[in-house]
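Accompanying notes for the structure given below.
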Amino acid sequence: MNRYLPLSLTGVSLNVFAQICLKHGMRTIGHFGFTLENIVPVGMKVALNPYILTGIVCYVVSLAVWLMVLSRADVSYAYPLLSLGYVVAALAGKVIF
């Protein structure tokens, strides 16, 4: 099972990077209210923000990597590795933001 550790850590790392990108993108957009008037203007800001787009791409690639992990390793081995993402994301967020 240890031979799948690099692939698992790649998926977790991509997920963490996606979180950081999404947070940075939303910090550039700022606070907004959930109203009908905001759907189009805020939606356009979100859709065109390069950090958010990067985060979405990282999520998609992370999903593909994670599916590869699940096709090779037992879920009892792979799933606990996801918890590393929470710790790394929290530490990275503290350092970066």
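The values are calculated or read from the model by the stated rules, or taken from the named source; none is laboratory data. What you see is a predicted model; the values in this text were computed from it and never measured. Cβ coordinates were reconstructed from backbone atoms using ideal geometry, including for glycine residues, and neighbour counts include every protein chain displayed. Surface accessibility is based on the protein's heavy atoms, side chains included, excluding ligands, DNA and RNA. Shrake-Rupley method; radii C 1.70, N 1.55, O 1.52, S 1.80 Å.
Just a few scattered comments:
- Sub-7 Å Cβ pairs linking a first residue in the stretch 55-84 that is farther than 14 Å from Ser13 by Cβ to a second residue that is in a helix (DSSP H, G or I) and open to solvent by less than 30 Å² (accessible area, probe 1.4 Å), at least 6 apart or interchain, are Leu70/Ala78; Ala78/Ser8; Ala78/Val69, ordered by first then second residue.
- Identity of the residue in the stretch 1-29, among the polar types (S, T, N, Q) and surrounded by 10 or more Cβ atoms within 10 Å (Cβ to Cβ), that ends up farthest from Pro80 (Cα to Cα): Thr28
- Restricting attention to the stretch 30-57, the residues being over 18 Å from the mean Cα position of the chain (by Cα), hydrophobic (A, V, I, L, M, F, W, C) and surrounded by 12 or more Cβ atoms within 10 Å (Cβ to Cβ) number 2.
- Selection of first residues in the stretch 29-54 that are farther than 15 Å from Ala18 by Cα and of second residues that are modelled with pLDDT under 95 and among the aromatic types (Phe, Trp, Tyr), restricted to Cβ pairs under 7 Å at least 6 apart or on distinct chains, gives the following pairs, ordered by first then second residue: Asn38/Phe32; Val42/Phe32.
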